[in-house]
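J.: I'd like to ask some things about the structure below.
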Amino acid sequence: MRESQHPSAVSGRLNTAVAHNARVWNYWIGGKDNYEIDQRVGDQVATMFPVIRDVARADRRFLGRTVRFLTADCAVRQFLDIGTGLPTLDNTHEIAQRIAPESRIVYVDNDPIVLVHARSLLTGTARGATDYIDTDVRDPDKVMQGAAATLDLDQPVAVMMLGILNFVLDTDEARDIVRRIMASVPSGSYLALTHPTTDTDLGGEGNVEAMAFWNENATPPITARSRAEISSFFDGLDLVAPGLVSCSRWRAEPDSGPVLPQFGALARKP
Ligand SMILES: C[S@@+](CC[C@H](N)C(=O)[O-])C[C@H]1O[C@@H](n2cnc3c(N)ncnc32)[C@H](O)[C@@H]1O
């Protein structure tokens, strides 16, 4: 963490009167780093959209499976985890460094509460490295400049974008962000992504009302997308089997629970 990013320099950005995504997500996962307003809004969303807690937990399990797969089966040793969220039981660096202690991880988020907790994300192994960048994904050049301080951008990088492009409301802008980030990493790099959907075959119709409520009562504003829109984020990349599926079903055990309206996929840059 750079000096300018020290929590004391930014704690004025913390707003405990409005529900924030990182804290509500933490609440749905069962964490303790949230405020009453986050719990109230989180409960209201769960009333309108009862699977939301399952979505949040399935998303975290997808993170675990993709990081294990990338580290153990694909020999990836560098991770750029954008939209980190609050530290929880198993974070990217812990999963990767358990398998390969030399793994290097850069976290990126723009939420002040995540920055306050960033120190717990920075306790890597002696052989590996972790860093945290407090910045907005909508400035991908700044993200990549920051990442280059810790990651060797001539070697493959796994770019993790779980539950974050849904906060970039314009689909062309979201696609451009992915394109620019993936253009900055070499062949053999990967993109892992999860994203909420409105597709009815995954039960996504419930997202519409819940997201409208969220956008009136919480921050930052969110959007869901169709399978075709989410697929387009992987243009030019080779999807790893089983492709774009409910994140609960991606390389999961057969009894891994129901299909959920949150797509997940992993793709390799050829
Ligand atoms: C739904 S949480 C997902 C957390 C984690 N990736 C996971 O899958 O469990 C989304 C995270 O993205 C962060 N985020 C939202 N918009 C962002 C932006 N424009 N730039 C950087 N981070 C952002 C939020 O602060 C939050 O921590």
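Coordinate-derived values only; no laboratory data. Quick caveat: nothing in here was measured; it's all calculated off a predicted structure. Virtual Cβ from ideal backbone geometry, glycine too; neighbours counted across all protein chains shown.
J.: Go through A58, A19, A96, A100 for me and flag whichever is in contact with a helix residue (DSSP H, G or I) (Cβ under 8 Å, 6 or more places away or on another chain), crowded, with 24+ Cβ neighbours inside 10 Å and under 21 Å from R268 (Cα atoms).
T.: From the options A58, A19, A96, A100, the qualifying one is A96.
J.: Let me ask you something else. Search segment 48-71 for residues that are in contact (Cβ under 8 Å) with a residue 60 or more places away in the chain and pair each with any residue that is surrounded by fewer than 21 Cβ atoms within 10 Å (Cβ to Cβ) and not in a helix (DSSP H, G or I) when their beta-carbon atoms are under 7 Å apart and the residues are at least 6 apart or on different chains.
T.: Correct list of pairs: V51/G203; D54/G257; A58/G257; R65/R251; R65/A252; F69/R251.
J.: Just to be sure, is V114 closer than 24 Å to W28 by Cα, among the β-branched types (V, I, T) and under 18 Å from the mean Cα position of the chain (by Cα)?
T.: Criteria met by V114.
J.: Let me ask something additional. Working only within segment 220-249, note down all residues that are acidic (D, E) and either buried (at least 17 other Cβ atoms within 10 Å of the Cβ) or touching a Cys at 6+ places or on another chain (Cβ under 8 Å) (or both).
T.: Scanning segment 220-249 gives a single hit, E229.
J.: Being under 16 Å from the mean Cα position of the chain (by Cα), among the aliphatic types (A, V, I, L, M) and within 21 Å of V51 (Cα to Cα) is the filter here; which residues of segment 245-270 pass it?
T.: Selection gives A265 alone.
J.: So, in segment 103-126, how many residues would count as being buried (at least 23 other Cβ atoms within 10 Å of the Cβ), more than 24 Å from A267 (Cβ to Cβ) and more than 14 Å from the ligand (Cβ to nearest atom)?
T.: Count: 0.
J.: Can you tell me which residue within segment 61-83, out of those that are part of a helix (DSSP H, G or I) and surrounded by 22 or more Cβ atoms within 10 Å (Cβ to Cβ), is farthest from the ligand (Cβ to nearest atom)?
T.: L70
J.: For segment 194-212, does any single residue satisfy the condition of being touching a Cys at 6+ places or on another chain (Cβ under 6 Å) and surrounded by 21 or more Cβ atoms within 10 Å (Cβ to Cβ)?
T.: Checking segment 194-212: at least one residue is touching a Cys at 6+ places or on another chain (Cβ under 6 Å) and surrounded by 21 or more Cβ atoms within 10 Å (Cβ to Cβ).
J.: So which residues in segment 9-59 are in contact with a Leu (Cβ under 9 Å, 6 or more places away or on another chain), farther than 18 Å from L202 by Cα, assigned to a helix (DSSP H, G or I) and within 12 Å of the ligand (Cβ to nearest atom)?
T.: Listed by number, the residues that qualify are R13, A22, R23, W25, N26, I29.
J.: Considering only segment 90-104, state which residues are under 18 Å from the mean Cα position of the chain (by Cα) and either free of Cβ contacts under 8 Å to residues at least 12 places away in the same chain or assigned to a helix (DSSP H, G or I) (or both).
T.: T92, H93, E94, I95, A96
Residues checked against (1) in contact with a Pro (Cβ under 7 Å, 6 or more places away or on another chain); (2) at positive phi; (3) within 16 Å of the ligand (Cβ to nearest atom); (4) in contact (Cβ under 8 Å) with a residue 60 or more places away in the chain:
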{"residue": "L151", "(1), (2), (3), (4)": "no, no, no, yes"}
{"residue": "V159", "(1), (2), (3), (4)": "no, no, yes, yes"}
{"residue": "G163", "(1), (2), (3), (4)": "no, yes, yes, yes"}
{"residue": "A174", "(1), (2), (3), (4)": "no, no, yes, no"}
{"residue": "I177", "(1), (2), (3), (4)": "yes, no, yes, no"}
{"residue": "S184", "(1), (2), (3), (4)": "no, no, no, no"}
{"residue": "P196", "(1), (2), (3), (4)": "yes, no, yes, yes"}
{"residue": "M211", "(1), (2), (3), (4)": "no, no, yes, no"}
{"residue": "N215", "(1), (2), (3), (4)": "yes, no, yes, no"}
